[in-house]
Amino acid sequence: MPHVAARTASRDRDTGRYQSHRPEQTLLYQIVDEYYPAFAALMAEQGKELPGYVQREFEEFLQCGRLEHGFLRVRCESCHAEHLVAFSCKRRGFCPSCGARRMAESAALLVDE
């Protein structure tokens, strides 16, 4: 299993070293983090709510790639350096990181067939 996690970990293109994608630094993450809770509260005040699958998309997106929400410890087979790789949300609808990964995996399967 660590081999799979190491394979999906981001790598710095210039140095080949592991680099987490730090979702909290992206503009999309910052916008959702700032405005989604207030939007959900406003909807609740009006007696409305977003569908469950939409709520899950937003909530899991905000946890995606964050070490405090779970991680794997992986070890590089060549240099023996250890890294923590945060769990992803595995959602395709909203998360750009997970959506791109799923798209690449699907394309690879189509090419192999």
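The values are calculated or read from the model by the stated rules, or taken from the named source; none is laboratory data. Here the structure is a predicted model, which is why all the values come from computation and not from measurement. Because the Cβ atoms are built from the backbone with ideal geometry, glycine has one as well, and the counts that use them run over all protein chains shown.
Suppose the filter is surrounded by 10 or more Cβ atoms within 10 Å (Cβ to Cβ) and within 17 Å of Val32 (Cα to Cα); does Glu105 pass it?
no
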- request: Could you tell me which residue of the stretch 68-89 is nearest to Phe58 (Cα to Cα), considering only residues that are part of a loop (DSSP other than H, G, I, E, B) and in contact with a Lys or Arg (Cβ under 8 Å, 6 or more places away or on another chain)?
  value: Ser88
- prompt: So Gly47 clears everything in (1) surrounded by fewer than 10 Cβ atoms within 10 Å (Cβ to Cβ); (2) at pLDDT below 80; (3) in a loop (DSSP other than H, G, I, E, B) except one condition, right? Which one?
  reply: (2)
Selected residue [farther than 26 Å from Ile31 by Cβ and charged (D, E, K, R)] from Arg91, Arg75, Arg101: Arg75
Cys76 vs. criteria surrounded by 13 or more Cβ atoms within 10 Å (Cβ to Cβ), in contact with an Asp or Glu (Cβ under 9 Å, 6 or more places away or on another chain) and at pLDDT below 90: yes
- request: May I ask you to verify whether Arg11 is modelled with pLDDT under 90, surrounded by 10 or more Cβ atoms within 10 Å (Cβ to Cβ) and closer than 21 Å to Gly93 by Cα?
  value: no
